Amino acid sequence: MRFRALIALDPAGTRSMLPSRPMRRPGQCYLNHTHALMVQAARLRSPGRTRIFPAEICWDDEEPLYPGDHAEVTITVIDDEAPDFLDGGQRITLWSGGDVGHGTITRRVFTEYGPY
């Protein structure tokens with residue numbers, strides 16, 4: 001399933017919310033079509049439960065994203081439970097061994113063949 005989202009990567013040197021996780025390296029970047037980031041979201045109809053989804057995240061140009069950057073992205077998730085957690089307006093956390101950013105799902109992507 002694909003979703004469009006507006007995301008922001010945390011500035012360099014921001015510590016993870018988890019005290020046992022190390023600080024991210026300054027200057028760390030993410031190349032387009034990255035699988036290095038995962039998406040964490042709360043369940044839509046039963047708050048209190050969250051999931052972390054492996055995802056492919058891509059954007060319109062080939063420039064890498066750096067800490068502090070904002071972007072409109074497409075998130076592809078291959079998981080049958082994704083619709084229970086991801087939909088338009090849902091807040092998400094970007095995760096890579098710790099919190100590295102946040103965003104909001106703007107819409108689910110559909111094609112002429114139905115949901116993609």
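What follows is calculated from the coordinates using simple rules that are stated; it is not laboratory data. All figures in this text were calculated on a predicted structure; none of them were measured in a lab. Every residue, glycine among them, receives a Cβ derived from its backbone with ideal geometry; neighbour counts consider all protein chains shown.
Can you put L65, L31 in order, fewest other beta carbons within 10 Å first?
Details: L65 22, L31 12.
Ranked by crowding around the Cβ, least crowded first: L31, L65.
According to the square roots a ≥ b ≥ c of the eigenvalues of the Cα gyration tensor, what is the shape class of segment 22-106, taking rounded for a/c under 1.5, prolate for a/b larger than b/c otherwise, and oblate for the remainder?
Values: a/c = 2.02, a/b = 1.53, b/c = 1.32.
Because a/c hits 1.5 or more and a/b exceeds b/c, segment 22-106 counts as prolate.
Once label points are set 7 Å from the Cα along Cα→Cβ at both D84 and L31, what is their separation, rounded to one decimal in nm?
Those two pseudo-labels are separated by 3.5 nm.
Segment 48-97: which trypsin sites (Lys or Arg not before Pro) are DSSP loop and have at most 13 other beta-carbon atoms within 10 angstrom? Kindly include the intermediate steps, with their values, before the conclusion.
Numbers: sites: R49, R51, R91; in loops: R49.
Loop-located and lightly packed - R49.
Could the peptides 39-47, 73-81 be put in order, highest first, of the mean number of other beta-carbon atoms found within 10 Å of their residues? Kindly include the intermediate steps, with their values, before the conclusion.
Details: 39-47: 14.3, 73-81: 16.3.
Result, highest mean first: 73-81, 39-47.
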